[in-house]
Structures are given as structure tokens and as C-alpha cells.
1. Can you check what the net charge comes to around Arg39, using other residues whose Cβ is under 12 Å from the Cβ of Arg39 (Lys, Arg +1; Asp, Glu -1)?
2. For the chain, calculate the relative contact order in percent as a whole number, restricting contacts to Cα pairs under 8 Å that are 6 or more residues apart.
3. Quick check for me: using +1 on Lys/Arg Cβ and -1 on Asp/Glu Cβ, what's the dipole size of the chain about its Cα centre, in debye to the nearest 20?
4. Express the accessible area of region 21-158 per residue in Å², computed with a 1.4 Å probe while the remaining protein chains stay in the model.
5. Please report, largest first and rounded to whole Å, the three semi-axes of the ellipsoid equivalent to region 86-138, where each semi-axis is the square root of five times an eigenvalue of the C-alpha gyration tensor.
Amino acid sequence: EAALRAILAERPGDRPALAALGSVLARSGQDAAAIPVLRQAQAAGESGLGLSLQLGQALVRTGELDAGFAELAKAVAAGANPGFVYNQLGVPAMQRGDLALAIRIWERALAGPDAMPAEGGGRRVVLYNLACAQARAGQKEAALDRLGQAIAAGFGLRETVAGDDDLASLRTDPRFAALLAQIATP
């Protein structure tokens, strides 16, 4: 960080140095400080998958979901794996116990102007993770619906779904057993 700031003191508009500093700040958990630096790099003409990914993630982590998802959509359009992008945001939120944020992230990943493509394996993972978050949040009907969508999209190792502690609240529901029965065995 210090070396990049020294470069920028000499050359304030150095696009790669701005992008690198923003990345360093974001990766060290300083999202609020990273956002203006990354935006400055964009304004100077820097672009690309990495910049959009870093800026999008920082914006989402600071609660600026609309702006963050717009940047993440640019990263996906530039070639980033959508499942990876959205799970890198939702999983940490869920691990911190912020189920509401994880649910918002994954719902937004599936619908809305910046939704991830319907085809591809990433979507089924997002659907499954959303089902897990909803089950933990006590949203049983929504969780069963999303779990069914994930399985229909091809998610599943029966043992993984059956033993997932996140889905414990669904196990006594007969619909859970019916969903398990839909998973093809290898």
C-alpha cells in the first residue's frame, strides 16, 4: 500500500497504480477506502474484469447493492464465472450470520437487471445456497421451492443435500424426502 501511494504521489493519474491500490485496499478489508480509488482508476480509463470484480464486491460489502451488482455484471460480461462471483459474496455473509444479506445477494443474482445467466452450473449452486440460507432463516416454503429449483437445474449429490446442517429445518417435511428422491444417483 505504501509503495503504491508513493507512486501515486509522483504520478497521481497512474491507472495501473490506482487499480492496484484499490485492489490492495479491498483485499485487506478496507472496502470504504477502496471504492473511491477504484472509481478513480475507472475514471482515468482503467477497465477490465478484475477492476469490475473488485469494485463490485467492495460496493456490495458496504451495502451499495445496486451499484455493486452493476459492476459485477460487467465482470461477468468480461468472462468472470457468475457462480463464483455471487457465491464469493453470499457465503461470507451467511457465515457471519447475516442471513438477510446472503438471501438478498443470491435473490438479486437470480433475478433483476444484472441476473446471472439461466444456463450454466453456477446458477444451481446459487439456488442451493439460497435454499440453505432461507432454511436457516426459517423461510421453509421459500427454501423448499429454491431447493427444488436447484435440484431441477442439476444440483446434487444426495448425501450432500441429505446431510447438510443448513437444511435441518426441512428434513421432517415430506416434500424434502420427495426432493431427495429426485436426485439421480451416480
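The values are calculated or read from the model by the stated rules, or taken from the named source; none is laboratory data. As the structure is a prediction and not an experimental result, all values here were calculated from the model. Please note: Cβ atoms are built from the backbone with ideal geometry, for glycine as well, and neighbour counts cover all protein chains shown. Protein only, heavy atoms only, side chains kept; ligands, DNA and RNA dropped before computing areas. Shrake-Rupley method; radii C 1.70, N 1.55, O 1.52, S 1.80 Å.
1. Numbers: positive: none; negative: Glu46, Glu64, Glu71.
Here the charged neighbours net out to -3.
2. On the way: 251 pairs, mean separation 22.0, N = 186.
Rounded, it is 12 percent for the chain.
3. On the way: 18 positive and 19 negative charges, 18 e Å.
Using Cβ point charges on Lys, Arg, Asp and Glu, the chain gives about 80 debye.
4. Values: 5850 Å² over 138 residues.
Here the per-residue accessible area is 42 Å².
5. Working: eigenvalues 65, 22, 18 Å².
Here the semi-axes work out to 18, 11, 9 Å.
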